[in-house]
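Encoded as structure tokens, the structure appears first; notes follow it.
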Amino acid sequence: MKNKSLISINDYSKEEQLEVLKVAEEFEKNPVQNILSNNVIASLFFEPSTRTRLSFESAISRLGGKIVGFSEASNTSVKKGESLRDSILTVANYSDLIVMRNPLEGSARFASEISPVPVINAGDGSNQHPTQTLLDLYSIKKTQNKLDNLNVAFVGDLKYGRTVHSLVIALCNYNTTFHLVSPVELKLPSSVKMNIKEKNLKYYQYTELDDNVIPNVDVLYMTRIQKERFSDPLEYERIKNYYILKNDMLENSKENLRIMHPLPRVNEIDINVDKSPKAYYFQQALNGVYVRQALLSLILGLK
Amino acid sequence: MSEKRKELKVSAIENGTVIDHIPSNAVFQVIRILKLEKFENMILFGTNLESKKYGSKGVIKVKNKYFKPEEVNRIALVAPSASMIEIKDFEVINKTVVEVPDEISGIVKCFNPNCISNHERVKNKFQVVDKNNLRLKCYYCEKITAKNNMTFF
């Protein structure tokens, strides 16, 4: 994996993905290691982010690395009209690895083509978010003690939710049965569904989140209806309260069910659910640090 | 007999390539895709010609030029029914039907307005994921451009 950019989850084979999870486990046991002390990592966030950026920066700091970068594009040369090409070629001079989030889809792939240093995609528009996928896989494996043959429900915005796209694609390697719950307007795109069909896996589509779904699944992956993806505010208002998970809806759920969410949450999980032993989203966010530590050290050839 | 007369509506060439069975409305696109505007050899073309098979067709004849299969397959998106006929001394020496290639570059725009290829100077690339229904997956944004939302450069 040394020097190998991570743009799309499929850039890493199943074996490589499992290798990342294995190294992440080591970091969970021993998160503070001074192995990045000779490295500078560029953290280029052209679009706002809390968890992804902070967990990357936390991962880098806990490994003793230095960070250069920005958390919004407005105080950089991008505002003066600099192209992404020029920004990347410049920043690559100052760093050993680039972590980038950019609102344009395909921007990370493009950056990895022109950059002399490896690039980790921290989200490109509605396309891919592979580090989230790896931390989701890590969280599933940790809570279910396996990745194979699970029933996983995805709920909410399956059309624009890039975390959903990447995780669905990744889970196609593990004989998953998919339960896809979304309003008709926000169904999983055919380009993603193609992956499920190619592997001949089972998938079911629903418009309601109820006892037809919840008692049958091992993982309930909730997502936010993303306001910023709607051009029509009325459409957003109509759809935003479609699915709200409450404690009483979990009554018939399996013992091993875990509720995950890539966060931020708006109102799709009632805060009373947070106390349920089945709620896992905050631990899931913590796992992001270990997985990103694993990725950084593997790509920089330090593990 | 009538077939022969139709062919002759665009004069025969002694040596070169005849691209036949082009949909009438795609002749100029084929010329652009094959960059024939920049070509210096003699080019003859006709369109809205009568065709038994398709009702109407276009034909392009390029003197003293033989195309590589990968060159001619670039026109498959606009002229999937076209055939390429190589002529030597007025005789047909080879006839092939165009084939949709596995990858396509620089012909079609990605339909996703938010794709990097529509914002920076990037030579776009597509993987052809469905040859029959012409569905192209963008190498950058990974979105599918289908036949009905294709725009050509």
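Bear in mind these aren't lab numbers, they're just calculated from the coordinates by the rules spelled out. What you are looking at is a predicted structure, and each value in this text was computed from that prediction instead of being measured. Cβ atoms come from the backbone with ideal geometry, glycine included; neighbour counts cover every protein chain shown.
Spherically averaged projected area of the convex hull of Cα atoms, the range A:1-134: 7.7 nm². If you sort the three axes of the alpha carbon gyration tensor as a ≥ b ≥ c, you get a/c of 1.5 or more for the range A:112-221 and a/b above b/c, which makes it prolate. Taking one quarter of the surface of the convex hull spanned by the alpha-carbon atoms of chain A gives a direction-averaged projected area of 15.2 nm².
In plain terms, the residue of A:Val291, A:Val266 with the fewest other Cβ atoms within 10 Å comes first and the most crowded comes last, giving A:Val266, A:Val291. For chain A, set up a Gaussian network in which alpha carbons nearer than 10 Å are linked by springs, and say which option among A:Tyr12, A:Tyr236, A:Tyr280 fluctuates the most. Most flexible of the set in this elastic network: A:Tyr236. Just the C-alpha atoms of the range B:46-93: what Rg/Rh do they give, with Rh taken as the Kirkwood radius? Reported Rg/Rh (Cα atoms, Kirkwood Rh): 0.98. Relative to the globular-protein estimate of 2.2 N^0.38 Å, the Cα radius of gyration of the range B:103-152 stands at 0.99. Across chain A, the relative contact order, built from alpha-carbon pairs under 8 Å that are at least six residues apart, equals 21 percent.
Kindly express, to the nearest 10 degrees and within the range 0 to 90, the angle between helix A:51-62's C-alpha long axis and the longest C-alpha principal axis of chain A. Between helix and principal axis, roughly 50 degrees.
Net charge in the neighbourhood of B:Ile116 (other residues with Cβ under 13 Å of its Cβ; Lys, Arg +1, Asp, Glu -1) is +2. Taking every Cα-Cα distance in the range A:220-259 and sorting them into 5 Å bins from zero, the calculated P(r) comes out as 5, 19, 24, 16, 12, 12, 9, 3, 0 percent. Here the range A:182-222 and the range A:1-48 have alpha carbon centers that stand 29 Å from each other. Cross-link reach is defined here as a Cα-Cα straight distance under 19 Å, omitting same-chain residues fewer than 8 places apart; for A:Lys22 the lysines meeting it are A:Lys2, A:Lys4, A:Lys14, A:Lys141, A:Lys142, A:Lys146, A:Lys303.
For a straight C-alpha distance cut-off of 21 angstrom, the lysines reachable from B:Lys53 (same-chain residues fewer than eight places away being disregarded) are B:Lys4, B:Lys6, B:Lys9, B:Lys61, B:Lys95. So how tilted is helix A:162-171 from the main axis of chain A? Cα-based, degrees 0 to 90, rounded to 10. So the helix axis and the longest Cα principal axis differ by about 80 degrees. Anisotropy class assigned to the range A:74-129 is oblate, per the alpha carbon gyration tensor with a/c at or over the 1.5 cut-off and a/b no larger than b/c. A P(r) calculated from all alpha carbon pairs of the range A:131-285, with 10 Å bins opening at zero, reads 11, 45, 37, 8, 0 percent.
Summing +1 for each Lys or Arg and -1 for each Asp or Glu among the other residues whose beta-carbon sits under 13 angstrom from that of A:Gln144 gives +2.
Note on chain B: percent of Cα-Cα distances in each 5 Å bin, starting at 0 and stopping at the bin with the largest distance, equals 2, 9, 18, 20, 18, 13, 10, 7, 3, 1, 0. Listed by chain and number, the aspartates and glutamates placed with their C-alpha closer than 17 angstrom to that of B:Lys147 are B:Glu99, B:Asp102, B:Glu103, B:Asp130; residues fewer than eight positions away on the same chain are left out.
The range B:11-55 and the range A:254-284 have Cα centres lying 63 Å from one another.
Full extension of the chain segment joining A:Asn175 with A:Asn34 gains 47.0 nm, where the gain is 0.36 nm per residue of separation less the Cα-Cα distance.
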